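Asker: Have a look at this one.
The numbers here are math on the coordinates, done by the rules we state, and not lab data. Bear in mind that the values here come from a model prediction, so they are computed numbers and not experimental data. As a convention, Cβ positions derive from the backbone with ideal geometry for all residues, glycine included, and neighbour counts pool all protein chains shown.
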Amino acid sequence: MKYVIGNWKSNKSGQETQEWFQAFQKLSVQGKIKSDKVEAVVCLPYVFLPQTRWFRDQNKLALKLGGQDVSAYPNGAYTGEVSAIQLVESAEYVIIGHSERRKYFNEDDKLLSQKVLRAKEANLKVIYCVPDENTVIPAGADIVAYEPVWAIGTGKTDTPENADRVAAAIRSKYKTNILIYGGSVTPENIKGFITTPHIDGVLPGGASLDPVKFWEMMVNAASI
Ligand code: PGA
């Protein structure tokens, strides 16, 4: 099984979100991808998840949904937070520890491990991002994403060889079944990463904003 997990970050309006999913639906009607070949996930801003979940279920799209963050706290008096219990109503996955959360919101290992605990209590699948092989990975991460900071949104990818080396190093320290690479992944370069021995998938940001590119990445992943 290969994984293509899109991270929209803080992009798109409600209308644009609807258009993306309508376009995705057309693509998936025209060209079928075997669901045992690719697990496709799109991680959206919280506010778009309920409407998208409804559309996904109505149209039986072979696509899972994810959040991009989650509260370290349960339900309660935590103004502005979205709890894992709330998130799981409209998502199956959640990204925790993205480098942008670490950088702009000062999220540290302690806070991130609390977030993983809350997510697991609510039965969310955790996609845990690390910038290198030396970063702590809390128990409970279902998917580990290696994302070198300098490759994110820059158009400069790591080489498949080095990404595979880091993936192998992470696997030697942490028993993870699923390990993916992120950082400027496109339909053109995806195969280089997912054909390496230690990488099972990708976490595209920019390229996931275009439904055609996202679909092409799924097609390329299914062809391996
Ligand atoms: P990018 O983002 O594909 O735009 O580099 C990847 C990510 O931040 O997850």
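Asker: Quick check: convex hull over the Cα atoms of the chain, volume per residue in Å³, rounded to an integer?
Answerer: On the way: hull volume 25.6 nm³, N = 224.
Convex hull volume per residue, Cα atoms: 114 Å³.
Asker: Using the Cα centre of region 1-75 as the reference point, and only Cβ charges (+1 on K/R, -1 on D/E), how large is the resulting charge dipole? Debye, rounded to the nearest 20.
Answerer: With only Lys, Arg, Asp and Glu charged at Cβ, the dipole is about 300 debye.
Asker: Let me ask something else about it. Over region 91-214, what is the relative contact order in whole percent, taking alpha-carbon pairs under 8 Å and six or more residues apart?
Answerer: Relative CO of region 91-214 lands at 20 percent.
Asker: Over the alpha-carbon set of region 93-224, work out the extent along each principal axis and list the three values in angstrom, largest first.
Answerer: Computed over region 93-224, the largest-to-smallest principal extents equal 37, 31, 28 Å.
Asker: Report the calculated FRET efficiency for Lys32 and Asp108 (r = Cβ-Cβ distance, R0 = 30 Å), to the nearest 0.05.
Answerer: Efficiency at R0 = 30 Å is approximately 0.10.
Asker: Which listed residue (Ile127, Ala163, Leu117) has the Cα farthest towards the positive end of the charge dipole for region 80-168, taking +1 on Lys and Arg C-beta and -1 on Asp and Glu C-beta about the Cα centre?
Answerer: Leu117
Asker: Relative contact order of the chain: what whole-number percent is it, with Cα pairs under 8 angstrom and at least 6 residues apart?
Answerer: 23
Asker: Considering just Cα atoms, how many Å³ per residue does the convex hull of region 46-90 enclose? Don't skip to the end; give the middle numbers.
Answerer: On the way: hull volume 3.1 nm³, N = 45.
Hull volume normalised by residue count: 68 Å³.
Asker: Rounded to the nearest 0.05, what FRET efficiency is calculated for Tyr46 and Val149 with R0 set to 30 Å and r the Cβ-Cβ distance?
Answerer: Numbers: r = 24 Å, r/R0 = 0.81.
Plugging the Cβ-Cβ distance into 1/(1 + (r/R0)^6) gives 0.80.
Asker: Okay, moving on. Order these peptides, 23-33, 159-169, by their mean beta-carbon neighbour count within 10 angstrom, highest first.
Answerer: Numbers: 23-33: 14.5, 159-169: 17.0.
Highest mean packing first, the order is 159-169, 23-33.
Asker: Projected onto the charge dipole of the chain (+1 at Lys/Arg Cβ, -1 at Asp/Glu Cβ, origin at the Cα centre), which of Val149, Ala77, Ile194 gives the Cα projection farthest towards the positive end?
Answerer: Ile194
Asker: Okay, next question. Taking the Cα centre as origin and putting +1 on Lys and Arg beta-carbons and -1 on Asp and Glu beta-carbons, what dipole magnitude results for the chain, to the nearest 20 debye?
Answerer: The dipole magnitude comes to about 360 debye.
Asker: How far is the Cα center of region 191-206 from the Cα center of region 1-48, in Å?
Answerer: Taking the Cα centre of region 1-48 as reference, the centre of region 191-206 is 17 Å away.
Asker: Tell me the label-point distance for the pair Asn189, Thr176, using the 7 Å Cα-to-Cβ offset, in nm and rounded to one decimal.
Answerer: 1.9
Asker: Largest first and to the nearest Å, give the Cα extent of region 168-224 along each principal axis.
Answerer: 36, 21, 15
Asker: For Lys60 and Glu16, FRET efficiency with R0 = 30 Å and r from the beta-carbon atoms, rounded to 0.05? Display every interim value, and only then the final one.
Answerer: Working: r = 23 Å, r/R0 = 0.75.
Result of the calculation: an efficiency of 0.85.
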